[in-house]
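The values are calculated or read from the model by the stated rules, or taken from the named source; none is laboratory data. Note that the structure is a prediction, hence the values are computed from the model and not measured. Note that we place each Cβ from the backbone using ideal geometry, even for glycine, and neighbour counts take in every protein chain shown. Accessible surface is based on the protein model in full, side chains and every heavy atom, while ligands, DNA and RNA are left aside. Shrake-Rupley method; radii C 1.70, N 1.55, O 1.52, S 1.80 Å.
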Amino acid sequence: MLNKADSINLLKHVTIKRVLNLILLYFSFILSRIFRKSILLGKPYTISIEPTTACNLGCPECPSGLKQFSRPTGKLNVEVNRNLLRSVGKQLFYINYYFQGEPFLHPEFLQLIQDAKKHKIYTATSTNAHFITPEIAEKIVASGLDRLIISIDGTTQETYESYRISGTLSKVIEGTKAVLAAKKRAGSVTPHLIFQYLVVKPNEHEIPTVYSLAEELGVDEVRLKSAQIYDYTHGNPLIPSQEKYARYKQQKDGTYRLKYKTGNHCWRMWSSCVLTWDAKVVPCCFDKDATYTLGSAIDQSFESIWKSKKYQKFRSNVLTERNQIDICQNCSEGSKVWL
């Protein structure tokens, strides 16, 4: 459901340059699918930038929480962020300051947001809300952050901590209340506040109550999200019993498969990319360990990476043999119909 205030705010960030760029991207994506070879016009209209890989929780399907990365833990340098903002171009519409980790563990996180807002870019982030105090909430609102996604995967402590290992539900609710109060004091419609509920078997029974809680608190929106499960073939205790909430479907032999039929295409390869905290460019959010690093935005210009032979080859591979690429094998993006 669209929120009127957020929709108006989104429209305020639309420019002719951004619209034309999006048209070019979509046109080149269609041509690429027809000729099964990467043709690229335009620059990304949305990117994700990782503030840090550090996290205070230990969620069972999260490599950050489980400390399973082969890449180092660190935090985004403020000057590197500023250089990125200058290099990505005025066509950029949306930045999600999140990839892995908990953004508010970055001591200068809100400075990253403020710098992006100077470029009139719509900004978003996702948090477990454990570090949002009344003082931080005031700074969040003042920063200009447009969208704040708060992960709340249960409405009782027992259910919440069954997935959010080491998490405290009361801190999530206190942080939410603090942001809502700060918005009210400032007379601000931003950030648009979303409760994101990652549906797994241990919490699916509390789905109705998360809507009630959001309404009681005054949260703008609730979004249910299906969980990516790494080891799903022979079943997993996290797969919801209600198939509509799962990414996976049980077959007659008892094994599970991704329930979406995927194809040799992916709009994300033309429209967006992800930058890690140390400015490595990776194709999408499924490359959590930066296995398919396409370049370093510290050592190279972003545009040269975006248009490089290496990136173009990866896009072409997606068009011809997507199911052979490991990070694509647990993703539903290729199931979307664009033609």
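Brief remarks on what is shown
- Relative contact order, percent, the range 260-339 [alpha-carbon distance under 8 Å, six or more residues apart]: 40
- Accessible surface ranking that places the most exposed of ILE34, ILE207 first, with a 1.4 angstrom probe: ILE34, ILE207
- The range 31-131 - accessible surface per residue (Å², probe 1.4 Å): 40
- Restricting the GluC sites (Glu not before Pro) of the range 93-177 to loop positions (DSSP other than H, G, I, E, B) with no more than 16 neighbouring Cβ atoms within 10 Å leaves GLU108.
- Relative contact order for the range 1-73, counting Cα pairs under 8 Å that sit 6 or more residues apart, in percent: 18
- Gyration tensor verdict on the range 9-64 (Cα atoms; rounded if a/c is under 1.5, prolate if a/b is larger than b/c, oblate otherwise): oblate
- Residue order for LYS259, LYS183, LYS307 - accessible surface, 1.4 angstrom probe, largest first: LYS307, LYS259, LYS183
- In this structure ASP231 has an accessible area near 100 Å², from a 1.4 Å probe over the protein heavy atoms.
- Backbone geometry of the range 127-141 corresponds, through the Karplus equation with coefficients 6.51, -1.76 and 1.60 at θ = phi - 60°, to 3J(HN,Hα) couplings of 9, 8, 6, 6, 10, 8, 8, x, 5, 5, 4, 4, 6, 4, 5 Hz, x marking Gly and Pro.
- Remark on LYS225: its backbone amide H falls under 5 Å from those of TYR197, LEU198, VAL199, a criterion applied only to residues 5 or more positions apart or on other chains, H modelled at 1.01 Å from N.
- 13 Å beta-carbon shell around TYR97, net charge (K/R +1, D/E -1): -2
- Phi angles of the range 181-193 translate, via the Karplus equation with coefficients 6.51, -1.76, 1.60 and θ = phi - 60°, into HN-Hα couplings of 5, 5, 4, 5, 5, 8, x, 10, 8, 10, x, 5, 9 Hz per residue; Gly and Pro are given as x.
- Shape call, the range 182-339: gyration tensor on alpha carbons, a/c limit 1.5: oblate
- Anisotropy class of the chain from Cα gyration tensor, a/c 1.5 cut: oblate
- 3J(HN,Hα) along the range 300-310, derived from phi through the Karplus expression 6.51 cos²θ - 1.76 cosθ + 1.60 where θ = phi - 60°, amounts to 10, 6, 4, 4, 5, 6, 4, 9, 5, 4, 5 Hz, with x in place of Gly and Pro.
- Surface composition of the chain: carbon and sulfur make up 55 percent of the accessible area, probe 1.4 Å.
- A cut-off of 5 Å between modelled amide H atoms, ignoring neighbours fewer than 5 places along the same chain, links LYS259 with TYR248, LYS249.
- Taking amide hydrogens as placed 1.01 Å from N in the peptide plane, the amide H of LYS75 sits under 5 Å from that of no residue at least 5 positions away in sequence or on another chain.
- Computed [θ] at 222 nm, helices only, for the chain once each DSSP H run of length n ≥ 4 contributes -39500 (n - 2.57): -10500 deg cm²/dmol
- With K and R counted +1 and D and E -1, the other residues having a Cβ less than 11 Å from that of LYS12 yield a net charge of -1.
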